[in-house]
Amino acid sequence: MDPVIIEIADTEFGIRPGKDLQIECMDAAEYVIRKTRKFELILIDLFIDDKVPGKFLSREFWKAIAGKTAEKGKIIFNAFEDENKLAVIREELESAGLAVQFFPKINGSNMMVYGERKSNDERNS
């Protein structure tokens, strides 16, 4: 994350660290590999111009993302890619127990990837 974005979030929108919000400025791929905490919601929106950098389409990144998803957790990925290029993401998330859906042509061009981890009870029934 660019430190300027953190500054803009503070000055323009009043978004700043506090009791319920921690902001960390680091590479997203490095963050998901290093951190052990699980999240109920993971939003991913990583563009440089109109492309998602290759490391964010890798098996390693998506395996790490799946591992950070809490029981009944959700992942939303704003992808500017076609479904064929996103097959690795589907495979990694599904192998980790998430149900995956693709929603093409959001705003006329983007692809949204939605993943949801079922609860242990749902998986065992």
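Structure notes:
- Residue selected from the stretch 10-26 under the condition free of Cβ contacts under 8 Å to residues at least 24 places away in the same chain and within 26 Å of K55 (Cα to Cα), by the criterion surrounded by the fewest Cβ atoms within 10 Å (Cβ to Cβ): Q22
- Among (1) surrounded by 13 or more Cβ atoms within 10 Å (Cβ to Cβ); (2) not assigned by TED's automatic domain parsing to the domain that holds E116 - the single one E7 does not satisfy: (1)
- From the options E60, E40, E71, residue that is loosely packed, with under 15 Cβ neighbours inside 10 Å, more than 30 Å from D10 (Cβ to Cβ) and touching a Lys or Arg at 6+ places or on another chain (Cβ under 8 Å): E71
- Among all residues of the stretch 79-89, there is at least one that is surrounded by 11 or more Cβ atoms within 10 Å (Cβ to Cβ) and under 22 Å from D2 (Cα atoms).
- Whenever a residue of the stretch 82-106 is touching a residue at least 24 places away in the same chain (Cβ under 8 Å), its partners that are surrounded by 13 or more Cβ atoms within 10 Å (Cβ to Cβ) and acidic (D, E), lying with C-beta atoms within less than 8 angstrom and at least six residues away or across chains, give the pairs L98/E116.
- Selection within the stretch 66-79: residues that are closer than 15 Å to G54 by Cα and not polar (S, T, N, Q). The member of this set that is farthest from the chain's Cα centre (by Cα) is A79.
The values are calculated or read from the model by the stated rules, or taken from the named source; none is laboratory data. All values derive from a computational prediction rather than experimental measurement. All Cβ positions, glycine included, derive from the backbone under ideal geometry; neighbour counts span all protein chains shown.
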